[in-house]
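Just so you know, all these numbers are worked out from the coordinates, no wet-lab data involved. Bear in mind the structure is a predicted one, so any value in this text is a computation, not a measurement. So basically every Cβ, Gly included, is an ideal-geometry build from the backbone, and we count neighbours across all protein chains shown.
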Ligand SMILES: Cc1cc2nc3c(=O)[nH]c(=O)nc-3n(C[C@H](O)[C@H](O)[C@H](O)COP(=O)(O)OP(=O)(O)OC[C@H]3O[C@@H](n4cnc5c(N)ncnc54)[C@H](O)[C@@H]3O)c2cc1C
Ligand code: FES
């Protein structure tokens with residue numbers, strides 16, 4: 001199948017071809033790949049795609065997944081609006 | 001990793017990657033950059049993505065000029081496809097006559113310098129910033145040369161271009177000490193090996209003081225924590241950053257990718273330490289301050305919240321050039337605004353370390369050097385928070 005049709009990160013629409021291109025340009029850090037294309041930075045915060053991307057990076061670099069610098073997740077884990085936060089505090 | 005270098009740059013943020021790039025542009029063959037994590041781990045990957053021209057001192061206006069001009073041509077220069085630059089401007093609202101006077105005087109200085117700055121009435125503010133609630137403002141200053149960009153792509157673009165020019169970049173390589181002999185720099189120590197060199201440039205941003213300390217050099221720079229959030233992306237509407245300098249101490253900007261970045265400057269923040277923990281208290285304060293300004297933002301999901309630091313010098317300026325204590329030890333620091341000043345910082349730091357003529361007038365260049373602190377010649381910019 002065409003790598004540019006295989007979507008690894010749905011939130012940010014990043015394909016296998018995009019990740020390969022970055023790896024081929026010489027990037028060997030998943031953190032830098034993330035910063036370059038925003039994979040794992042979408043609304044699901046990488047819950048769907050982090051493993052998939054890490055596996056691709058590991059495979060390309062002939063490393064194990066444990067050796068890849070996988071980004072950490074940040075709060076808030078569940079998306080929340082500023083309006084909801086104001087409500088918790090008794091309104092504006 | 002190379003064992004020797006003409007110049008070693010410490011830190012792979014925008015300041016360091018830009019410095020490395022400019023060194024190679026000036027013909028230095030063997031530039032080695034060492035970064036404790038990856039590019040960009042520090043402020044450059046955590047900031048609000050803005051570059052600015054609305055300043056009130058010549059020192060800052062010159063930095064803005066060099067920087068914005070380089071940002072306009074950066075894609076062409078580095079071969080990066082898209083740095084997501086938008087000349088969306090900043091809008092600094094005035095809430096009373098005193099604010100208005102100050103902003104009008106800033107605009108006059110900026111115009112005189114050659115920048116496209118304007119003072120707008122509330123109707124004009126609404127036109128450029130359709131979602132801003134203008135009920136409580138009496139006007140605002142605005143500029144059409146400044147705006148937002150993607151700082152992560154900028155740092156990686158400088159890195160790629162410097163590597164193409166022969167520089168070596170080493171991730172996960174923290175500097176742990178320096179070899180200083182007879183008051184001269186001789187080498188850099190890292191867990192991955194030592195690098196012999198006569199020239200080191202400290203571009204460690206908010207860590208700049210700690211790097212200085214390792215060489216026995218004292219730098220009056222303090223980290224200061226700042227937090228920020230981003231919302232889910234929505235359709236991009238080009239509009240200025242709403243920078244509430246006088247009332248809410250907040251900023252609101254939709255970047256080209258679609259998310260809104262928002263932050264608040266907490267005057268009571270503990271300075272002096274590096275702390276990446278986001279705090280719930282910040283979200284509460286932010287919500288209270290943002291919703292009255294742009295009510296629609298109350299409905300967007302916040303998907304990430306993180307913390308980073310400024311690395312403030314006493315006058316919030318930049319610092320390039322050498323130091324009295326150690327020969328061969330140079331600076332590329334300016335981590336209150338190193339994203340917007342990245343191009344200028346890299347240019348001036350490289351020129352200073354190589355002893356070349358600076359790209360700004362000599363009297364302006366003097367205001368970026370370390371001896372200004374001992375002389376007490378600090379210049380404060382009224383256009384800054
Ligand atoms: C929330 C927030 C919003 C901001 N908004 C803006 C904005 O809109 N516009 C703007 O211009 N500025 C903004 N800033 C400030 C800006 O982020 C910083 O000034 C800038 O990113 C600093 O860049 P730098 O390259 O100097 O430092 P950094 O990007 O921090 O890079 C320094 C690097 O040095 C490395 N390092 C540290 N110690 C060592 C060691 N021992 N060995 C090797 N490497 C080391 C670090 O890992 C780091 O990568 C903001 C900051 C924050 C936190
Ligand atoms: S799928 Fe990648 S961030 Fe959601």
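Going by how many other beta carbons lie within 10 Å of each one, how would you line up B:277, B:356, fewest first? List each step's numbers first, then the result.
On the way: B:277 9, B:356 13.
So the ranking, lowest neighbour count to highest, is B:277, B:356.
Of B:306, B:207, B:264, the sequence from fewest to most neighbouring Cβ atoms within 10 angstrom is B:306, B:264, B:207. For chain B, the longest principal axis of the Cα atoms and the long axis of helix B:14-25 meet at an angle of about 50 degrees. Against chain B, whose longest principal axis is taken from its Cα atoms, helix B:151-164 shows a tilt of about 30°. Per-residue mean of foreign Cβ neighbours for B:292-304 is 5 (Cβ atoms of other chains, 10 Å radius).
Taken as Cα centroids, segment B:244-311 and segment B:106-157 sit 19 Å apart, rounded to the nearest whole angstrom. Taking Cα atoms only, the orientation of helix A:50-61 departs from the longest principal axis of chain A by about 20 degrees. Counting Cβ atoms of other protein chains within 10 Å of each Cβ in B:278-290 and taking the mean gives 4.
Using Cβ contacts closer than 10 Å as the measure, can you line up B:380, B:55 from fewest to most?
Values: B:380 11, B:55 26.
Ascending number of Cβ neighbours within 10 Å: B:380, B:55.
Here residue A:73 and residue B:2 are evaluated by their C-beta separation; at R0 = 35 Å the FRET efficiency comes out at 0.45.
Based solely on its DSSP helices, what 222 nm [θ] is calculated for the protein assembly as shown when runs of n ≥ 4 H residues each add -39,500 (n - 2.57) and the sum is averaged over all residues, nearest 500 deg cm²/dmol? List each step's numbers first, then the result.
Details: 14 runs with 148 residues, N = 477.
The per-residue figure over the protein assembly as shown is -9500 deg cm²/dmol.
For peptide B:143-156, the mean count of partner chain Cβ atoms within 10 Å of a residue's Cβ comes to 2. The Cα-based radius of gyration of segment B:10-158, divided by its Kirkwood radius, gives an Rg/Rh of 1.05.
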